[in-house]
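Student: Structure in structure tokens, see below.
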Amino acid sequence: VQLVESGGGLVQAGGSLRLSCTASGSTSNINGMGWYRQAPGKQRELVAAIATGGGSTNYADYVKGRFTISRDNAKNTITLLMNSLKPEDTAVYYCNAKIVVNPPLRVLDYWGKGTLVTVSS
């Protein structure tokens, strides 16, 4: 699975950005996709995720009410709409795809190269 992100950039606090990620390759095996971010000196953390089947979503507490993740299964694309951005949202945002394989039961993680989001105060 290959993942390509787009949509990062520089925005003022309070502004909005839309990130997109398109998957290619063995996309029929993908169970879920999502966005993680990593700020300088910090660990990579989950931002939002969405299941391929059913579309259930999961958000980090610090983005609830501000960010929305959506998917287009036909295009193998997920989108993260980020509103009311804050300087602390500044980070490299990575697209992630998960494939559950069995046996043995395990989760395979695939990552995009990342896109930089900078929020100025």
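Throughout, read-outs are computed from the coordinates displayed, never taken from laboratory work. Everything numeric in this text was worked out from a predicted model, so none of it was measured. Every residue, glycine as well, gets a Cβ built from its backbone with ideal geometry; the counts of neighbours run over all protein chains shown.
Student: So which of 53, 34 is under 18 Å from residue 99 (Cα atoms), among the small types (Gly, Ala, Ser) and touching a Cys at 6+ places or on another chain (Cβ under 9 Å)?
Tutor: Answer to the check: 34.
Student: Still on this structure, please answer the following. Among the aromatic types (Phe, Trp, Tyr) and over 14 Å from residue 109 (Cβ atoms): is that true of residue 62 in this structure?
Tutor: Judged against the criteria, residue 62 is a match.
Student: Moving to a separate point now. Could you grab the pairs with beta carbons closer than 6 Å, sequence gap of 6+ or different chains, first residue in the stretch 101-121 and within 30 Å of residue 15 (Cα to Cα), second one of a type in the set (A, V, I, L, M, F, W, C) and part of a loop (DSSP other than H, G, I, E, B)?
Tutor: Pairs found: 110/1; 119/13; 119/85; 121/13.
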